[in-house]
Amino acid sequence: MQHPGFFRRGDPMSVQSIVTAVGAELSVLSDGVTEIDDLRALNDASVTHLSFCTGPRYARELVATNAGACLIKRRDLSLMPKRVVPIITDTPHRAFAMAIGLFYPSSLQPEATAAMADGRLVHPTAEIADDVTIEPGAVVGREAKIGEGTTIAAGAVVGYRVFVGRDCYIGPAASVTHALIGDRVTLHAGARLGQDGFGYAVSPEGHFKIPQIGRVIVGDDVEIGANSTVDRGFLTDTKIGEGTKIDNLVQIGHNAVVGRHCIIVSQAGIAGSVQLGDFVVMGAQSGVVEHVKVGDGALIAGMAHVKNDVAAGARMGGTPARPFAEWAREVAAVRRLGKNSRQAQT
Amino acid sequence: MQHPGFFRRGDPMSVQSIVTAVGAELSVLSDGVTEIDDLRALNDASVTHLSFCTGPRYARELVATNAGACLIKRRDLSLMPKRVVPIITDTPHRAFAMAIGLFYPSSLQPEATAAMADGRLVHPTAEIADDVTIEPGAVVGREAKIGEGTTIAAGAVVGYRVFVGRDCYIGPAASVTHALIGDRVTLHAGARLGQDGFGYAVSPEGHFKIPQIGRVIVGDDVEIGANSTVDRGFLTDTKIGEGTKIDNLVQIGHNAVVGRHCIIVSQAGIAGSVQLGDFVVMGAQSGVVEHVKVGDGALIAGMAHVKNDVAAGARMGGTPARPFAEWAREVAAVRRLGKNSRQAQT
Amino acid sequence: MQHPGFFRRGDPMSVQSIVTAVGAELSVLSDGVTEIDDLRALNDASVTHLSFCTGPRYARELVATNAGACLIKRRDLSLMPKRVVPIITDTPHRAFAMAIGLFYPSSLQPEATAAMADGRLVHPTAEIADDVTIEPGAVVGREAKIGEGTTIAAGAVVGYRVFVGRDCYIGPAASVTHALIGDRVTLHAGARLGQDGFGYAVSPEGHFKIPQIGRVIVGDDVEIGANSTVDRGFLTDTKIGEGTKIDNLVQIGHNAVVGRHCIIVSQAGIAGSVQLGDFVVMGAQSGVVEHVKVGDGALIAGMAHVKNDVAAGARMGGTPARPFAEWAREVAAVRRLGKNSRQAQT
């Protein structure tokens, strides 16, 4: 992702200025003049980027990173490759959150549409193609673009700079911010796209909000159900692949990547940074835990909850989810156990 | 259900025109001039209706149908009664979806309120009874009717031709389309009634949307919680019986029929075509799988998930749901099993 | 809680007038002239208050109550302390609901913002501090107060008399009624605060709505996710403690008290009158049953469902939830059982 888009990035800064601003420390051997111009995760960073490492579990990413500088705890300094400037802090996650605020000050001042003083609901700078229907009470923000043949239903909100393709339907009272939407996409009533992901630097003193500067990218022919929620990415984008159909009241967390032509049934939950392949089916009220990968064509039964990676084509059920056959055997075995315990009692 | 209401039905068509339009085939023996004027499921169809059969599992409905014509795979032709004109296609479900678009072209062009050019939020053709309160920012669509004593709260959307009875409360930012609402009904903030059901002709090339031309019918004295969702029916109606109370974040799928005086607690899910009797109680986060029937007065415990029909008065718990006593025995038996395994380890 | 605030309380009434209005009966020995000026639960009531007792399970609260009068069934009369005037009825819960309507008539006529005749979206009596941004389509009700630096995003609804502190963000199409919101609070798109709790006097003839006259109180630095719902209290308040972070599609029932710095992950459900301590973590799709208390720092795993009180610092998983170690042993034991049953079959 190229960050700029929804949040304006400030000027480059020296490592020393960052250190001062986030209340960190520079080792005496380090060069504070190195210039940093953006922020990335360890595996996405290059030499002008600041990154962060919260502990030894990220040692592999740390060793391989191309970041110019990295926020790190003193005790983890030995894991750091020589080419990266270490910035020492007890709270790398929190310091990184502060650095986002430094580089992207507008990420700290949330807005949906960018206000207009005159009471008009459609901003004069919005580009509205021919043959667009904007129903009563719908709001279209500054610099938004709406493609030909699209309908923005009553009470819907299309945020600042949001792009909506052709022949889309943004349902009543739905809201879309920080998002790029393909063609022939339907968002049903009350769907929520682009709000902040759920990210905090957690601590015993309280939880520090991590600004979320990614976007939501929705492919062509996607349908998203009523009151479903899709959070925007943290540093990268949340993506919904073309042709994917999402039912009502589904949650999709930040950085999740949903493949093409998936079917996600009502009240399912996809946690942050999950990756679903193509043609994955998730049944009603099922869930996938964060960072899990689900292969192409896998089937997650209704109410199943997936904690580990799932192979392509696998069929999983139960909590925690296991292959169908195994799950069925366990359900049957428990049933026999219950029956036997009754007989033992009588 | 009489379809016309929310979607205008086009003129009758000959079987031959349908065949051509959906890219199907007519057997040489068949009469292409038979006239079709509407679309129905096999068991609801009469002689001027087109229906569809996706495979042998619907053989019983097929044998009994009164449809005038039916979309069917070549391999299933032998199951078809002589009186029905077979229309041969590899994809009956998808072809039926295309036929809906033929008969109901407006079902392909979603709209919530029918647009007004002049920025007014209440359409001049809406019939608003005396003593109705319409709060700021609320939208009332073309030809909607609002009964005496009803309040439409701020930001709520009442769609095109929607009927709302007397002494109702449509909460802030709720939306109602394609629905008929009785008297003394409360829809809490953000409730969503009447959006498309989740219906697709699924295929390895992608999923083809099935237009949904049914409605939502809500009886008197019903209450529907904040951000709950009730999809409109596919060919028939989704119905909520009088006096039923539905909590927040509940999902009710298309064609579901919920009886009178039911209690549906928060985050429960009722899949498509489920039938609940009267005085059914569903606990929080419980679910019922599609096409299941639940008898009068049955109790589904919180978090239970029902996969098979439930008898009147039954009390069910667990996943998959089973009678309370059985479920309790199994939970106890597993608990003993766990305890014994610990003792074996120590 | 001091009730008056969102609902105007009427004049004091004699016990005799209440008896007549709710269709109850006074014992011949009782003094009908005792004056009642408000309504409370048994344990919150003092001598000028009316309370109610639905049966012997509340005997302890009944014995200790300081209520002036109490609705009670004839069969439970012997449990009543002498100092309380008994009001005899077959349906104490329903009669209490009727009494709420007597004292708080406006609780029977729901409204979100209090209507304005002139089409303006921000009521002229609302107090809007300096440096407040009100985006297009947002509605601010009568006598609401919005603190400095706060943004009300497009399509959001801030209800009648709602107080919103400084530097808050009320997201697009969110709604807040009957609530007091602290400083630096974020409500994401479509969040619903302050609607009626799910309370009915249930009976075989149907369910009688209990008016909900409490509020929602939200502490400083709270974040509430997209399309989450927080019901207002029944007689007391629903409270979210400072620094608590709530993800998307979470349900929080009436009278729930959530402590400080809790983390409630997506699609979790907190039933009515639950009490969470400080720094509690609830995983995705987990749930806590009504009236349960969860101690400080407890961890409820994703998908776990808590039915009994949880000690401070405990780690619970499974349905019904049990300590982590126990839960893991049971999962492992069932897995072995399933595996053995397969070997037995082959």
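The values are calculated or read from the model by the stated rules, or taken from the named source; none is laboratory data. In this text the structure is predicted, and so the values were computed from the model without any measurement. Positions of Cβ are backbone-derived with ideal geometry, glycine not excepted, and every protein chain shown enters the neighbour counts. For the accessible areas, the whole protein counts, side chains as well, though only heavy atoms, and no ligand, DNA or RNA atoms are used. Shrake-Rupley method; radii C 1.70, N 1.55, O 1.52, S 1.80 Å.
Summary table
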read-out: Length-normalised contact order for the range B:13-103 - Cα pairs under 8 Å, 6+ apart - percent; value: 29
read-out: Distance-filtered residues of the range C:108-152 - backbone nitrogen under 17 Å, label point 7 angstrom along B:ASP131 Cα→Cβ; value: C:108-111
read-out: Mean Cβ count within 10 Å, highest first, over the residues of peptides C:148-157, C:170-179; value: C:170-179, C:148-157
read-out: Coordinate range along principal axes, alpha carbons of the range C:13-103, Å, largest first; value: 27, 24, 23
read-out: Summed buried accessible area for B+C [probe radius 1.4 Å, Å², rounded to 100]; value: 3400
read-out: Label spacing, shortest first and in nm, from C:ARG342 to its equivalents in the remaining copies (7 angstrom along Cα→Cβ); value: 2.8, 2.8
read-out: Size of the protein assembly as shown as Cα extents on the principal axes (Å, biggest first); value: 91, 89, 75
read-out: Other-chain or far-sequence residues with amide H under 5 Å of B:LYS145's (modelled H); value: B:GLU127, B:VAL162, B:PHE163, B:VAL164
read-out: Protein accessible area in the range C:178-325, 1.4 Å probe - carbon and sulfur %; value: 54
read-out: Per-residue average of Cβ from other chains inside 10 Å of C:154-167; value: 5
read-out: Percent RCO, i.e. relative contact order, over chain C, from Cα pairs under 8 Å lying at least 6 residues apart; value: 8
read-out: Cα shape, chain A, gyration tensor, a/c 1.5 rule; value: oblate
read-out: 7 Å along Cα→Cβ, label-point gaps from B:PRO320 to other copies, nm, shortest first; value: 2.5, 2.5
read-out: Highest-fluctuation residue, B:LEU121, B:LEU193, B:LEU235 considered, GNM on chain B with Cα pairs under 10 Å; value: B:LEU121
read-out: Zone of A:GLU148's modelled label, taken as backbone nitrogen in the range A:162-195 under 18 Å from a point 7 Å along Cα→Cβ; value: A:164-169, A:182-185
read-out: Cβ-derived FRET efficiency at R0 56 Å, B:ALA325 paired with B:ARG75, nearest 0.05; value: 0.75
read-out: Cα gyration tensor category, rounded, prolate or oblate, for the range B:178-325 with a/c compared to 1.5; value: oblate
read-out: For chain A, with +1 on Lys and Arg beta carbons and -1 on Asp and Glu, the positive-most of A:GLY10, A:LEU299, A:GLY23 along the dipole; value: A:LEU299
read-out: Anisotropy class of the range B:130-265 from Cα gyration tensor, a/c 1.5 cut; value: prolate
read-out: Size of electric dipole in the protein assembly as shown: Cβ of Lys, Arg +1 and of Asp, Glu -1, about Cα centre, debye, nearest 20; value: 4400
read-out: The range A:178-325 - percent relative contact order, Cα under 8 Å, separation 6 or more; value: 14
read-out: Nearest-0.05 FRET efficiency for A:ASP44 and B:GLN343, computed from C-beta distance (R0 30 Å); value: 0.05
read-out: Average beta carbon contacts from partner chains per residue of B:228-236, 10 Å cutoff; value: 3
read-out: Cβ neighbours within 10 Å from other chains - mean over A:182-189; value: 4
read-out: Label spacing, shortest first and in nm, from C:PRO105 to its equivalents in the remaining copies (7 angstrom along Cα→Cβ); value: 5.5, 5.5
read-out: Phi-based couplings in Hz for the range C:273-285 (Karplus 6.51, -1.76, 1.60; Gly and Pro marked x); value: 6, 5, 10, 9, x, 8, 6, 6, 10, 10, x, 4, 6
read-out: Distance from the range A:79-141 to the range C:240-298 (C-alpha centre basis), Å; value: 29
read-out: Sites B:ALA332 and B:ARG60 - FRET efficiency at Förster radius 35 Å, r taken between beta-carbons, to 0.05; value: 0.25
read-out: Placed amide H near B:ILE87: partners under 5 Å, 5+ positions off or other chain; value: B:CYS70, B:LEU71, B:ILE72
read-out: Debye intensity ratio I(q)/I(0), log10, the range B:162-212, q values 0.13, 0.32 Å⁻¹ (C-alpha model); value: -0.44, -1.19
read-out: Kirkwood-Stokes translational diffusion coefficient of the range A:290-346, alpha-carbon pairs, 20 °C, 1.002 mPa s, µm²/s; value: 171
read-out: Per-residue [θ]222 nm for chain A (sum of -39500 (n - 2.57) over DSSP H runs n ≥ 4, rounded to 500); value: -4500 deg cm²/dmol
